[in-house]
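The following block contains the structure, expressed as structure tokens.
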Amino acid sequence: MRTIATGLFAAAALAAGAAAQAPNPADWPAVLEAAKGQEVHWHAWGGSATINDYIAWAAAEAGRRHGFSVVHVPLADTADAVSRVIAERAAGRDSGGAVDLIWINGENFAEMKEQGLLFGPWAESLPNWSLVDPVANPAVAFDFTIPTEGYEAPWDMAQIVFFHDSARLPEPPRSIPALLDWAKANPGRFAYPQPPDFLGSTFLKQALIALTPDRARLQAPVDESDYEAATAPLWAWLDALTPHLWRGGAAWPQSGPRLIQLLADGETEIAFSFNPNEAANAVANFQLPESVRSFVLEEGSIGNANFLAIPYNAGDAAAAMVLANFLMSPEAQARKQDPAIWGGMTVLAMDRLSAEDRARFDGFARGEASLPPEALGPILPEPHPSWMVRLEEDWAKRYGSAR
Amino acid sequence: MVTAAAGRASRLPPLAPALTVALLLLPVSAGFLGVAAPSLGYMPALGGERLSALPFRELFAWPDLPRAVALSVLVGLAATAISLLAVMLIVAGWRGSRAFRALERALSPLLSVPHAAAAFGLAFLIAPSGWIARALSPWATGWERPPDLLIVQDPWGLSLILGLVAKEIPFLFLMTLAALPQAQPAKSEAVARALGYAPLTGWFKTVFPRVYRQIRLPVLAVLAYSMSVVDMAIILGPSAPPPLSVQVVRWMNDPDLSLRFRAAAGAMLQLGLVAAALLFWFGLEKAVAALGRRWVEGGGRGGGAMEGWLRLLGLALAALSAGAVFAGLGGLAIWSFAGLWPFPDALPEGPTLRSWMRHGPALAAPMAETLLIAAAATALSLFLTIACLEAESRHGLAPSGRALWLLYLPLIVPQVAFLTGLQTLALAAGLDGGRGAVIAAHALFVLPYVFLSLAGPWREWDARQALVARTLGAGPGRALFAVRLPMLLRPALTAAAVGFAASVGQYLPTLLIGGGAVRTVTTEAVALAAGGDRRAIAIWSLAQTAAALAPFLAAALIPRIAWRNRAGLRDG
Amino acid sequence: MGERGLRLERLEIAREGRRLVALDALIEPGEALTVMGPSGSGKSTLLSVIAGAPPPGFSVAGRVLLDGRDMTALPPEARRIGILFQEELLFPHLSVGANLAFGLRPHVKGRAARRARVERALAEAGLEGMAERDPATLSGGQKARAALMRMLLSEPAALLLDEAFSRLDAALRGQIRALVFDTARREGVPVLQVTHDEADAAAAGGRVVRL
């Protein structure tokens, strides 16, 4: 099926054609000039009031400073924005599209890039690109191992962090093998979202990295010759774990945020999230008790970056680029990292900032619920996206129907 | 010669149905083609350039397909049958009682709660960590921690059926109330009672056939809806595998764009399933009618213990339905003021106004947009519906309406797939991105509800009333506005309220056709619901409920006030 | 001045090629013609055709003339042919007085004049002071009289009766029957009634056609 989509469709040519109408990202003054009076429709997941509040601030600030306006289109699913762009292409609207900027990463990005649905390259021409360090932090330039090639700009770092209620569970298991032992001793008190939910699939990858004999192998695409060997320990581990999961694996949480509800309701003891500050935010929102604490696994935790992409036919690409540049500014990044605002980690390299800008990131008051950035441990790189696709397929075959 | 004595009444050709069909034809075919073409591998925007059976082959290769299909069908049939039975038992057994009047009064809020909010409320009620368990724990159950019990998301879809029944009973009850005056049950009941029939038996033998004829379209809509529902099914239904409609959405939303072909094939299968279920229901109707005739001819007077049990069953089902939705609504209200609320506390810490202060100010603008769009889409739909039905009566068109089945297609094709084609058409026509386009798109989904709500009572209305008015010198316009519409005020307002609520509930059409520029309480609610914060979900769900409430209240109160001295227009 | 009365000129009603009714008759002013036949024989259809609203599915040939004018192409409201059904069909959303006012011709102008005319009609029918009443609260006989007065106020040039007396109890039936036929004779209105009750035919006192 994938082959139909990949096809020989000359999408790249289309994208190039549309790009010609947008300002040249390399000519930044021209971009700033073109951005004036535009209206950026920023399609971004809207499930978190905390993040929505930050987006509202950034939208107002960027617009006020640069003379354009920003509309946050809150989405339940990034796929809705992708649908819109696909429909626009199907209808032949190759310019003046309604989606100007998408919060995106991973497979959504890979697919849109492959289908020629993205404008670019532009991200590496942003003035603030000089503040990131793709060598020290490859995650800002490789999205699930796919080189971004300037088709998207990083604006937030994510990392898998676990949390638990210390009042009920003082000492949580801190590795993938330990998690299995703990689940056996505490049946029904651990759950992960049903893949292909993004967080659920990430959990599979986290376990795969911890258990597979050769981690480096995962950076290259899946190859049938060693797929079985690479994944056998994962399936054995999951086979042992599943009967001890919440509802014995007969029902699954539908999404990542559901894990927080389950922890809050006392149904489970351990939850996890891609936002290292999730626990603190949930405490501030009364979703979790103040006794909640975060922890990371000893194997390290999968981390990646969240990006901003511009569709190939965006009507207001210039202002979208200016907005993305603003979001990468030390001011916006520091505000984002403030645990009282959001707590999202910065994509900027501290050694590339002026002393004054570096100081913006110091001295945040942090609750006990979440870990400071330096305590988050090693970041595991995302495997090549083909692994996620295969894992999701095989997971569905093995556990997708409760029998 | 045929027209000779038909007179000048039909000087105008039957324009309205033709116009309505013409208005619908393009968007509905675009929506349908937008599903059918990719299901056969054709979708150039995603590189599908030639027809292929691959999407269907992949669909049928999905090992869980039989279970997903069986779930859709069973859930749909069970929810429809139980809801219909409950409503008929309530109307037959309790009309005129205090319980009946209480249910009538409860109807407007019951109907205004969106399906997703009702599901959310129900899930919080019955889950092992839910409200009921909290109220009983730990003093009665001994649970310090919620037990690991599979209640919500059970593999048989029972909690999904319960959720659907809770929402569909009020809907069918409302439709039945609007239909009753045309069925004139009081006279038949009196006759049946005089002939020695027990109340329930007499009602089913004499009134039921006439009432069912009027609520038939709503019943079929309930069947189609229950089979295709997504939002409720995600919350309450099984997930491994889910009903087919949910799996279609999962494929459609998968980052892997090639899965959209399989999703389209799934949507076509879903359409076929609904069609097959409708045919099955038609067969069921025939069988029940035949059995019923024999039952009626048998002359049994009924009564006895059975009748009493059935009455109790009706009351129990209705009370359960109303109780579940109201408890859910109460849960929402409490969550909106909740601080921390751990298990097994029956009530949260707080109360705090913080959630309201955070979200409250953001409610006003989307609320105004929601009401404006719903009012416009409903007015347009009501106008087209009345024009079609009036043309049907004036020109003696066949009530089956022939081409009007087209009207119902948007209801039974899975929306997420249907909208792809619709959106492409809107874009190609340059009709997108604004409030007007969103109103037009809403009308596409509102019109069928308005039509199916009004058609039964309209067609059942005694046309001799119109003839009397005409022979008294009234032109067709006066006969319509001074006689027919006032007499059908209640069903017309009911239809408008149902349409209004349908518009309020639209998420994907608003988002996709509006290009994200049109924000309603529902687009905000659905986006926030993705984050799982119950306090935010509660506030926006309550906002949705409030948006839909006024028209239902109006439909209940205006006829009661306007016709307070008109016994002939109360329910028979 | 040409012919007076209601002429049915080779009127034929058929359904799916089967002829149900064939009539060729002149009903003179004040005369009452009775058409008798069992249920399903097309009696009611005949009246609908003459009133100008043939039900769908029937084919009609022939002409209807009233006082020499061809009615065939006219809509019901232009024909001035009144009709009374077995049920009174008072409009349930209007008061008794408003029901009568609905029938009252527009040439009676002014609120006061129209109200006075309605009050007089109510009084003639023995319904004094009932203008504000809900029609659903009237007795069977009162309803029948109100429906008759409503029709008379529309000043019909011909009158159609569709089993108009069959629902009334015996005592009332004679009274209303007399009221209708006396009024028609007095006003010189041609009457066509369909019924299956021989007594109705006898009371009409005119010709009887059997289907």
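Bear in mind that the values in this text are calculations on the coordinates, not laboratory data. For clarity, every value in this text was computed on a predicted model and none was experimentally measured. Methodologically, a virtual Cβ is constructed for each residue, glycine included, from the backbone with ideal geometry; neighbour enumeration extends over all protein chains shown.
Among C:ALA201, B:GLY300, B:ALA118, which residue has its Cα furthest toward the positive end of the charge dipole of the protein assembly as shown, with +1 on Lys/Arg Cβ and -1 on Asp/Glu Cβ?
Result: C:ALA201.
Tell me, what is the FRET efficiency for B:ARG50 and A:ASP181 to the nearest 0.05, using R0 = 60 angstrom and their Cβ-Cβ distance as r? Could the numbers behind the result be given before it?
Values: r = 54 Å, r/R0 = 0.89.
So, using R0 = 60 Å, E works out to roughly 0.65.
Now a separate question. Using Cα-only point scatterers and the Debye equation, what is log10 of I(q)/I(0) for the stretch B:186-257 at each q in 0.17, 0.18 Å⁻¹, rounded to two decimals?
One equal scatterer on each Cα of the stretch B:186-257 leads to -0.71, -0.75.
Lys/Arg Cβ at +1, Asp/Glu Cβ at -1, dipole of the stretch B:220-300 taken about the Cα centre: which of B:LEU244, B:VAL274, B:ALA287 is farthest positive-ward?
B:ALA287
For the protein assembly as shown, what is the Kirkwood hydrodynamic radius in Å, using each pair of distinct C-alpha atoms? Before the final figure, lay out each step's value.
Details: mean 1/r = 0.0298 Å⁻¹.
In the protein assembly as shown this quantity evaluates to 33.5 Å.
Same structure, new question: Read phi for every residue in the stretch A:120-129 and hand back ³J(HN,Hα) as whole Hz from Karplus 6.51 cos²θ - 1.76 cosθ + 1.60, θ = phi - 60°, with x for Gly and Pro.
Each residue of the stretch A:120-129 in turn: x, x, 9, 4, 7, 8, 5, x, 7, 4 Hz.
Here's a follow-up. Quick check on the stretch A:88-130: what does the Kirkwood estimate of hydrodynamic radius come out to from the alpha carbon pairs, in Å?
After inverting the mean inverse Cα-Cα distance, the result is 12.1 Å.
Regarding chain C, what are the three Cα extents along the principal axes, ordered largest first, in Å?
51, 38, 32
With no solvent and one point per C-alpha, what does the Debye sum give as log10 I(q)/I(0) for the stretch B:111-212 at q = 0.11, 0.13, 0.25 Å⁻¹?
These q points yield log10 I(q)/I(0) values of -0.58, -0.69, -1.21.
May I ask for the angle, rounded to the nearest 10°, between helix A:176-185 and the longest principal axis of chain A, with both axes built from Cα atoms and the value confined to 0 to 90°?
Helix A:176-185 sits at roughly 50 degrees to that axis.
Evaluate the distance, in nm, between pseudo-label points positioned 7 Å from the Cα of A:ALA26 and of B:ARG101 along their respective Cα→Cβ axes.
Spacing of the two 7 Å Cα→Cβ label points: 8.2 nm.
Residues with beta-carbon under 14 Å from that of B:PRO351, excluding B:PRO351: net charge, scoring Lys, Arg +1 and Asp, Glu -1? The partial results should precede the final answer.
Numbers: positive: B:ARG354, B:ARG535; negative: B:ASP345, B:GLU349.
Its environment carries a net charge of 0.
Compute the normalised compactness of the stretch A:209-252: alpha-carbon radius of gyration over 2.2 N^0.38 Å, N being the residue count.
On the way: Rg = 13.0 Å, N = 44, 2.2 N^0.38 = 9.3 Å.
It is 1.41.
Taking just the C-alpha trace of the stretch B:215-327, give me its Rg and Dmax in Å.
20.0, 63
How many nm separate the modelled label positions at B:LEU353 and B:ARG560, each set 7 Å beyond the Cα in the direction of the Cβ?
Simple spin-label model gives 3.2 nm for this pair.
For a Förster distance of 56 Å, can you work out the FRET efficiency between the beta-carbons of A:ARG366 and B:LEU553, rounded to the nearest 0.05?
0.70
Continuing with this model, one more query. When the Kirkwood radius is taken over all Cα pairs of the stretch A:29-169, what Stokes-Einstein diffusion coefficient follows at 25 °C and 0.890 mPa s, in µm²/s? List each step's numbers first, then the result.
Numbers: Rh = 17.0 Å.
Rounded, D is 144 µm²/s.
Stokes-Einstein diffusion coefficient for the stretch B:464-572 at 37 °C in a medium of 0.692 mPa s, Rh from the Kirkwood formula over Cα pairs: what value in µm²/s? Show your work: numbers first, answer last.
Numbers: Rh = 16.9 Å.
Calculated translational D: 195 µm²/s.
Taking each residue in C:68-77, count the Cβ atoms of any other chain within 10 Å of its Cβ, then average. What number comes out?
On the way: counts 0, 0, 0, 2, 7, 7, 4, 9, 15, 13.
Across the residues of C:68-77, the mean count of other-chain Cβ atoms within 10 Å is 6.
For the ranges A:367-379, B:493-505, what's the packing order if you count other beta-carbon atoms within 10 Å of each residue, average per peptide, and put the highest first?
Highest-to-lowest ranking by the protection proxy: B:493-505, A:367-379.
Hydropathy first: keep DSSP H helices in chain B averaging at least 1.6 on Kyte-Doolittle, then drop any whose Cα extent along the axis falls short of 20 Å, and list what survives.
Flagged H segments are B:15-39, B:65-94, B:158-183.
So if we plug the beta-carbon distance of A:SER130 and B:LEU65 into 1/(1 + (r/R0)^6) with R0 = 51 Å, what FRET efficiency do we get, rounded to 0.05?
0.45
Defining a contact as two alpha carbons under 8 Å apart and six or more residues distant in sequence, what relative contact order in percent does the stretch C:13-78 show?
Relative contact order of the stretch C:13-78: 31 percent.
Would you grab the residues whose amide H sits under 5 Å from the one on C:ILE27? Only those 5+ places off in sequence or on another chain, please, with H modelled 1.01 Å from N.
Under 5 Å from the amide H of C:ILE27 lie the amide H atoms of C:LEU6, C:ARG7, C:LEU8, each far enough along the sequence or on another chain.
Do the sum for chain A: with -39,500 (n - 2.57) for every DSSP H run of n ≥ 4, divided by all residues, what is the mean residue ellipticity at 222 nm, to the nearest 500 deg cm²/dmol? Let's see the in-between values first.
On the way: 15 runs with 159 residues, N = 403.
That comes out to -12000 deg cm²/dmol.
Given +1 on the Cβ of Lys and Arg, -1 on the Cβ of Asp and Glu, and no further charges, what dipole in debye does chain A carry about its Cα centre, rounded to the nearest 20? It would help to have the intermediate numbers written out before the result.
Numbers: 28 positive and 49 negative charges, 110 e Å.
That gives a dipole near 520 debye.
Report the semi-axes of the equivalent ellipsoid for chain B in whole Å, largest first, where each axis is √(5λ) for an eigenvalue λ of the Cα gyration tensor.
Over the Cα atoms of chain B, the semi-axes work out to 37, 32, 25 Å.
On to the next question. When the C-alpha atoms of the stretch A:30-92 are aligned to their principal axes, what extent does each axis show, in angstrom, from largest down?
Result for the stretch A:30-92: principal-axis Cα extents of 34, 34, 12 Å.
With +1 on each Lys and Arg Cβ and -1 on each Asp and Glu Cβ, and nothing else charged, work out how big the dipole of the stretch B:170-243 is about its Cα centre, in Debye to the nearest 20.
400 debye
What fraction of the DSSP beta bridges in the protein assembly as shown is antiparallel, stated in percent and rounded to the nearest 5?
Counting only bridges with both partners in the protein assembly as shown, antiparallel ones make up about 60 percent.
Continuing with the same structure: Please report the spacing between the Cα centers of the stretch A:327-403 and the stretch A:227-263 in Å, no decimals.
Computed from Cα coordinates, the inter-centre distance equals 23 Å.
Return the ratio Rg/(2.2 N^0.38 Å) for the stretch B:60-104, where Rg is computed over Cα atoms only.
1.88
Calculate how large, on average over all directions, the projected area of the Cα convex hull of chain A is; give the answer in nm² to one decimal.
For the Cα atoms of chain A, the hull's average projected area reads 19.4 nm².
Compute the whole-percent fraction of alpha carbon pairs in the stretch B:406-500 spaced more than 16 Å apart. If you can, show how the numbers build up before the last one.
On the way: 2922 of 4465 pairs.
Tail of the P(r) past 16 Å holds 65 percent of the pairs.
Per q in 0.28 Å⁻¹, report the Debye log10 I(q)/I(0) for the stretch A:159-219, using one uniform scatterer on each alpha carbon and no solvent.
-1.34
Whole angstrom only: what separates the Cα centroid of the stretch B:298-346 from the Cα centroid of the stretch C:40-61?
Each part reduced to its Cα centre gives a spacing of 51 Å.
Please list, in order, the residues from the stretch B:205-222 whose amide nitrogen is less than 17 Å from a point placed 7 Å along the Cα→Cβ vector of B:MET306.
It comes to B:205-206, nothing else.
A follow-up question, please. The stretch C:112-189 to the stretch B:221-237: how many Å between their Cα centroids?
About 55 Å separates the Cα centre of the stretch C:112-189 from the one of the stretch B:221-237.
What is the pair-distance distribution P(r) of the stretch A:123-276, computed from all Cα-Cα distances in 5 Å bins starting at 0, with each bin given as a whole percent?
2, 8, 15, 18, 17, 14, 12, 8, 5, 2, 0
Something else now. Whose amide H sits under 5 Å from the amide H of B:SER97, counting only residues 5 or more places off or on another chain, with H placed in the peptide plane?
Here nothing satisfies the definition.
Going from the alpha-carbon gyration tensor of the stretch B:38-136, what semi-axes, largest first and in whole Å, does one get by taking the root of 5 times each eigenvalue?
They are 43, 20, 16 Å, listed from largest to smallest.
Further question: Applying a 10 Å radius around every beta-carbon, put A:395-401, A:332-338, C:196-202 in order of their mean neighbour count, most first. Walk me through the numbers on the way to the answer.
Values: A:395-401: 17.1, A:332-338: 21.1, C:196-202: 15.6.
My ranking of the peptides, most packed first, is A:332-338, A:395-401, C:196-202.
Just flag the trypsin sites (Lys or Arg not before Pro) in the stretch A:72-170 sitting in loop per DSSP whose Cβ has no more than 10 other Cβ atoms within 10 Å.
Values: sites: A:ARG84, A:ARG89, A:ARG93, A:LYS113, A:ARG168; in loops: A:ARG93, A:ARG168.
Sites meeting the loop and neighbour criteria: none at all.
Can I ask one more? Please give the charge dipole size of chain B, origin at the Cα centre, charges +1 on K and R Cβ atoms and -1 on D and E Cβ atoms. Round to the nearest 20 debye. Don't jump to the answer; show the numbers that get you there.
Values: 44 positive and 26 negative charges, 437 e Å.
Rounded to the nearest 20 debye, it is 2100 debye.
Continuing with the same structure: Starting from the 7 Å offset along Cα-to-Cβ, what nm value, one decimal, do you get for the label separation of A:ARG65 and B:PHE282?
6.5 nm
Separate question: Count, for each residue of B:62-71, the Cβ atoms from other chains sitting within 10 Å of its Cβ, then give me the mean as a whole number.
For this peptide, the per-residue mean of nearby foreign Cβ atoms is 2.
Just going by the charge dipole of the protein assembly as shown, with Lys and Arg at +1 and Asp and Glu at -1 on Cβ, which of A:TRP57, B:ALA30, B:ILE169 is farthest out on the positive end?
B:ILE169
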